[in-house]
Amino acid sequence: MVLGPDALALAYLGAATLFILGLKGLTHPSSARRGNVYAMAGMAVAVAATLLNPAVKSYGWIIAGIVGGAVIGTLIALRIRMTAMPQLVAALHSFVGLTAVLVAIGTTLTHAHNPVLLAELFAGSFIGAITFTGSLVAFGKLQALLPSKPLRFRGQHLLNLALFAALLALGADFVLNDRFVSLLALTAIALVLGLLLVLPIGGADMPVVVSMLNSYSGWAAAATGFTLSNPLLIITGALVGFSGAILSYIMSRAMNRSIVSIVFGGFGGAAGVETAVATAAGKGVKSAAVEDAVFLMSNASKVVIVPGYGMAVAQAQHALKELMETLLARGIEVKFAIHPVAGRMPGHMNVLLAEADVPYDHVFEMDEINPEFSTTDVALVIGANDVTNPAAKTEKSSPIYGMPILEVSKARHIFFVKRSMKPGYSGVDNLLFYQDNCSLVFGDAKAVCEKMAAELKATA
């Protein structure tokens, strides 16, 4: 059975519609699961329609790829921890980029050429190569295989500019003269450029980088769609490319960063953190026991919980859900405060809280919750270092200076749950620790939160 042109077009239109509905569903936690169902249904329709395309002459390698991919994907999905989700996303982006490069090279070797096709191949290989190596660097930083701090050197921007100019020159030669060696050379340069663009980006900007690479992978897929004359791949790639670009812009604004500076490898980044560290070194740090936090929370009228990567590492979201329910049972108002870039990728904290069935009406974004910290009796911070750091407002030498933060410092009492005094992912010491109204509760976040809930129940 094969589909005629009209049936194939209708199937692709239906799949594209489902993808759009999927994106719309992902705009809010309450509809995210429905959005995922739409997206999966769209992909099922797309794969089925493509397999029934008359252009498909053999199914052997296709079936082998589908089965192999399904097995690998299932194993990864079952074993992956939520803390490793950002680096998994980065790795998947690299696969999309590599696919675009391989399709470009394979098409060049096996198909008749014309200037339009050659331009498509140039775009696919160029974007795909940058996406591939850039995503590998992002994976390495997120997985702690590479240092999270920016890796910069003198003349890096001039080198990037020179490489980009050489890439364009080789691309023009490939399109105008159909030289395969030019395609290989520009691909090699693009691979190097991907490394050089992401290596200078520090840990504080990694959520934006993940989103940006998502956009790149979409454009790589769209370019591949033009090469393969597949309208659905073009539509899907464009959806991913535009949505990723918009999200990157929104996130860069939330961090008070220039999207242009991030795209071009941390251009104009700040120098260091010496001032913040020096400020913190001259002050003391107070520690507190779980019982101290429980006493103040049990006598509070409002408690705001601020989850961060520390919560994700410890898988403490279920313990926080129990703590929230215990506080609510005592008539205490409880809210969760979410920073747009908390964690390692967009929406990281929202996903974890949804996994624990924390009601959506208890979860508030930064702009909504910030005015309430001044009337908050107790703020409980679970490993959210960079997004609560007052250095973003006071230390001009800090890499995070100018980034909007959760104004936890205004709460009457602050309890910050940490394993150690190690700074956050950006490497910046959190000046919040040294405020008079802040105490650190050292220990595993899950164990601490479980003990807090148990102590509260015992004192009821």
Practice item. Before rounding to the nearest 500, sum -39500 (n - 2.57) across all DSSP H runs of length at least 4 in the chain and divide by the residue total; then give [θ] at 222 nm in deg cm²/dmol. Key: -20000 deg cm²/dmol
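With N denoting the number of residues in region 95-214, provide Rg(C-alpha) divided by 2.2 N^0.38 Å, to two decimal places.
Details: Rg = 15.3 Å, N = 120, 2.2 N^0.38 = 13.6 Å.
My calculation over the Cα atoms of region 95-214 gives 1.13.
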**Study point:** When each of Lys141/Lys451; Lys321/Lys451; Lys302/Lys396 is checked by Cα-Cα distance, pairs over 23 Å
**Key:** Lys141/Lys451; Lys302/Lys396
Review point. Can you list the residues, at least 5 places off or on another chain, whose amide H is less than 5 Å from the amide H of Leu440, using H built in the peptide plane?
Key: Lys286, Ser287, Ala288, Phe416
Exercise for review: Quickly work out the Leu109-to-Ile72 label distance, labels modelled 7 Å from Cα along the C-beta direction, and quote it in nm with one decimal.
Suggested key: 1.9 nm
Exercise for review: For region 323-367 and region 91-169, write down the distance between their C-alpha centroids in whole Å.
Suggested key: 38 Å
Practice item. Evaluate the distance, in nm, between pseudo-label points positioned 7 Å from the Cα of Arg330 and of Val37 along their respective Cα→Cβ axes. Key: 3.9 nm
Exercise for review: Please report how far the C-alpha centroid of region 170-201 lies from that of region 400-460, rounded to the nearest whole angstrom.
Suggested key: 47 Å
Exercise for review: Please work out the ratio of the alpha-carbon Rg of region 371-433 to 2.2 N^0.38 Å and round it to two decimals.
Suggested key: 1.07
Review point. Going by how many other beta carbons lie within 10 Å of each one, how would you line up Val387, Val181, fewest first?
Key: Val181, Val387
Practice item. Would you mind calculating the gained length between His318 and Asn437 on full extension (0.36 nm times residue separation, minus the Cα-Cα distance), in nm to one decimal? Key: 40.1 nm
Point to revise | With at most 13 neighbouring Cβ atoms within 10 Å, loop chymotrypsin sites (Phe, Trp or Tyr not before Pro) (DSSP) excluded, longest segment of the chain | key: 154-460
Exercise for review: Would you please classify the overall shape of region 1-89 from the alpha carbon gyration tensor, given that a ≥ b ≥ c denote the square roots of the eigenvalues, rounded means a/c under 1.5, and beyond that prolate means a/b larger than b/c while oblate covers the rest?
Suggested key: oblate
Point to revise | Rounded to whole Å, sorted largest first: equivalent-ellipsoid semi-axes of region 274-458, Cα gyration tensor | key: 24, 18, 15
Review point. Along the principal axes of its C-alpha atoms, what lengths does the chain span, in descending order and rounded to whole Å?
Key: 76, 54, 33
Point to revise | Square roots of five times the Cα gyration tensor eigenvalues for region 111-173, Å | key: 30, 17, 5
Check your understanding: What order do you get for Lys335, Lys422 when you list them from fewest to most C-beta neighbours inside 10 Å?
Key -> Lys422, Lys335
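Can you sort Ser30, Ser252, Ser409, Ser58 from fewest to most other Cβ atoms within 10 Å of each residue's own Cβ?
Ordered by Cβ neighbours within 10 Å, fewest first: Ser58, Ser30, Ser409, Ser252.
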Review point. Hey, if you put +1 on the Cβ of every Lys and Arg and -1 on every Asp and Glu Cβ in region 5-263, which of Pro200, Ala112, Ala55 ends up farthest toward the positive end of that dipole?
Key: Pro200
Review point. Hey, if you drop one equal point scatterer on each alpha-carbon of region 5-263 and run the Debye formula without solvent, what base-10 log of I(q)/I(0) do you get at q = 0.07, 0.14, 0.17 Å⁻¹?
Key: -0.26, -1.08, -1.48
Study note, to complete from the structure: For the pair Val116 and His362, the simple spin-label estimate (label points 7 Å beyond Cα toward Cβ) gives in nm 5.8 nm
Review point. Among 67-74, 103-110, how do they line up from the highest to the lowest mean number of other beta-carbon atoms within 10 Å?
Key: 103-110, 67-74
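Readers should treat all values here as calculations from the given coordinates under stated rules, not as data from a laboratory. Note that the structure is a prediction, hence the values are computed from the model and not measured. Counting neighbours? That spans all protein chains shown, and the Cβs are built from the backbone with ideal geometry, glycine included.
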